[in-house]
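Right, one structure below, let's go through it.
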Amino acid sequence: MTDINPISEQHQVVVCDPIDFTFTTPELILNIIRPLIDANSLPALLSLSTISSTFLQIIRTSETFWKELCHQRWKEKWDFHRRWEEALKHYDVFNECQEARDSRVTFWRQRYFEQEQDATRQSISPRELNLLTFDFRFWIGQPTVVDERIVVKSGLLQSASKDIRFLNNEEEHQVVEEGNEDWFSYRGALTGHPCREPGIEWFMNESSIIQWGFRPNLWPKGEIRRTELWGWEIRNPNVVMRAIDPLPSSDDDNATEEGNDLNNNSDNRLWKDLIDSLENVPMRNAPEVNGYPVTAELPRSFLEHPFVQ
């Protein structure tokens, strides 16, 4: 009796990953999944890397994949054009460096996570603040009569100024000398305020607490914080300012048209979250009119937010 091998060498079964067997190249898989890439798709795409070694290779090394993911993630965020143009320039420099190319670093993957981390930053440098232009709006607007009731309309519905700048008093940022007993570390001149009077100053500490007005009678302190769209916001109990999204720097016709469209829609994008959450609430210490309390339209975040004292 002889031993018989049920599977000859010519007919051995090769065990393989069915996805890798079907989609043989990263380029093919990338073309298939590209329509699925959007601003919130990363967790789902990462989970797919556990079922395919080819997919895992894309996640680890594909510049095309991460560049597309960056574009989709950033395009609805504040300051998209500057962020994208800067990344493209840095990528060109990266490719010119042989040491960088040999480092096996995926530029766009690294850039993606750097921007995600930066979006959590709540403090701002004086120089960064100086470069921004803000849209200034009051929380409280003008009163109106609705069904015999006094309703104070939201001031968020109309800009009081779109030219607020936090400038320097000198060529360099004026830093308060060490040992100064004041609470602030930086100061400068504020321009574009709705009151149109010169001489308004701003003061900020290392924690991005900021105050402005005419010394010694300054308006209430405010805080600088990030919005969900990665923009910058300054709010105190009276007003709220948001940094206006810069337009693209390119001069070509397509970029100009895109910039004009963005400028036309900037108000909707910049203030949408606050305006969409307006609620009609009774005003504190306000007398009743015609037997009804005076109410004001305020966003939910105003009602829930503890302001700086």
Please report, ordered by residue number, the helices (runs of 4 or more DSSP H) entirely within segment 52-97 with at least 1 residues that are within 23 Å of the chain's Cα centre (by Cα), within 19 Å of residue 116 (Cα to Cα) and free of Cβ contacts under 8 Å to residues at least 12 places away in the same chain. 80-96
Boolean, residue 128 is acidic (Asp, Glu) and farther than 30 Å from residue 193 by Cα: no
Within segment 291-306, how many residues are acidic (Asp, Glu) and open to solvent by 90 Å² or more (accessible area, probe 1.4 Å)? 1
Residue count, segment 270-285, condition open to solvent by 40 Å² or more (accessible area, probe 1.4 Å) and among the hydrophobic types (A, V, I, L, M, F, W, C), comes to 3
Does segment 125-134 contain any residue that is hydrophobic (A, V, I, L, M, F, W, C), in a strand (DSSP E or B) and under 18 Å from the mean Cα position of the chain (by Cα)? yes
Checking 105, 145 in turn, the sole residue that is more than 19 Å from the chain's Cα centre (by Cα), open to solvent by 90 Å² or more (accessible area, probe 1.4 Å) and either over 19 Å from residue 308 (Cβ atoms) or modelled with pLDDT under 95 (or both) turns out to be 145
Quick one: would you say residue 288 is acidic (Asp, Glu), exposed (fewer than 13 other Cβ atoms within 10 Å of the Cβ) and either at pLDDT 90 or above or farther than 23 Å from residue 211 by Cα (or both)? yes
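Quick grid of which residues meet (1) assigned to a loop (DSSP other than H, G, I, E, B); (2) among the charged types (D, E, K, R); (3) under 25 Å from residue 124 (Cα atoms); (4) at pLDDT below 85:
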position	(1), (2), (3), (4)
207	yes, no, yes, no
228	yes, yes, yes, no
233	no, yes, yes, no
242	no, yes, yes, no
259	no, no, no, yes
270	no, no, yes, no
273	no, yes, yes, no
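The values are calculated or read from the model by the stated rules, or taken from the named source; none is laboratory data. None of these values were measured; they are calculated from a predicted model. Cβ coordinates were reconstructed from backbone atoms using ideal geometry, including for glycine residues, and neighbour counts include every protein chain displayed. For the accessible areas, the whole protein counts, side chains as well, though only heavy atoms, and no ligand, DNA or RNA atoms are used. Shrake-Rupley method; radii C 1.70, N 1.55, O 1.52, S 1.80 Å.
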